[in-house]
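Enquirer: To start, I am sharing the structure in question, which I have written as structure tokens.
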Amino acid sequence: MELTLTRTAKHKTCTTGRLAIEGHYFCDTLEPVWRDIAPGRRGHKIAKKTAIPEGRYPLVVTLSPRFGRWLPLLLHVPRFEGIRIHAGNTSNDTAGCILVGQLRSAEGCEPALIDSRLWLHRLMKILAGRPEGEAVWVKVEREFE
């Protein structure tokens, strides 16, 4: 199974995007600010306030000690650990992770997600319903420069 997170816009405090499953739009996403931290680039990583590098990562569902529930976890993310997909509404809720939901933003305000728990529940059902042993991958890319 392939999930694709396409970052669509960089904002002052966050990065917004959309999540597709097998090429079909699923929901919106919100992450910390995106900084180009690829080798040889000038960007810099700030703990819990930087979106992960673009790439393709294996995804597993494990018990989160922080949330006390089963959540998706991205593996082998360079210079990052514990990157999960979970519910949340604003950049204050990310701690470096990927939030899922429906994007809502008002003029002059930073973007926020609504119905995040609902969208996380739907994602977990899809992941649980895949054939046993089927690998799950997350491809992270961006549209903006």
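Taken together, the values in this text are just the output of simple stated rules run on the coordinates, not laboratory data. Fair warning: this is a prediction, and the values are worked out from it, not measured in the lab. With ideal geometry, Cβ positions are generated from the backbone for all residues, glycine too; neighbour counts draw on all protein chains shown.
Enquirer: Using a 10 Å cut-off around each Cβ, can you sort 120, 99 from fewest to most neighbouring Cβ atoms? Numbers along the way, then the final one.
Expert: On the way: 120 21, 99 28.
The order, fewest Cβ neighbours first, is 120, 99.
Enquirer: Looking at the chain, what % of its DSSP beta bridges pair antiparallel, to the nearest 5?
Expert: 80 percent
Enquirer: Output the pairs from 10/125; 10/139; 10/48; 45/125; 12/48; 45/139 with a Cα-Cα distance over 22 Å in this structure; if there are none, say none.
Expert: 10/125; 45/125
Enquirer: Using only helices, what value at 222 nm comes out for the chain when you add -39,500 (n - 2.57) per DSSP H run of length 4 or more and divide by the total residues, to the nearest 500 deg cm²/dmol? Intermediate results must be reported in sequence, preceding the final value.
Expert: Working: 1 runs with 13 residues, N = 145.
One gets -3000 deg cm²/dmol as the mean residue ellipticity at 222 nm.
Enquirer: So what does the Cα-only Debye profile of the chain read at q = 0.10, 0.16, 0.20 Å⁻¹, as log10 I(q)/I(0), no solvent term?
Expert: With no solvent term, the Cα-only Debye profile gives -0.30, -0.81, -1.30.
Enquirer: Using a simple charge model, +1 on the beta-carbon of Lys and Arg, -1 on the beta-carbon of Asp and Glu, nothing else, what dipole does region 2-142 show about its Cα centre, in debye to the nearest 20?
Expert: The calculated dipole for region 2-142 is roughly 440 debye.
Enquirer: Counting trypsin sites (Lys or Arg not before Pro) as exposed when in a DSSP loop with at most 12 other beta carbons within 10 Å, what is the longest stretch of the chain free of them? Working shown, then result.
Expert: Working: sites that count: 12, 41, 42, 48, 66, 79.
Answer - 80-145.
Enquirer: Which GluC sites (Glu not before Pro) in region 1-92 sit in a loop by DSSP (not H, G, I, E or B) and have at most 13 other Cβ atoms within 10 Å of their own Cβ?
Expert: Working: sites: 2, 22, 54, 81; in loops: 22, 54, 81.
In loop regions of region 1-92 (DSSP not H, G, I, E or B), the sparsely surrounded GluC sites (Glu not before Pro) are 22, 81.
Enquirer: Further question on the same structure: Contour minus end-to-end for residue 20 and residue 141, with contour as 0.36 nm per residue of separation and end-to-end as the Cα-Cα distance?
Expert: Full-extension gain reported as 42.4 nm.
Enquirer: Return the single residue from 91, 116, 64 with maximal mean-square fluctuation; model: Gaussian network over the chain, springs between Cα atoms under 10 Å.
Expert: Largest GNM mean-square fluctuation: 64.
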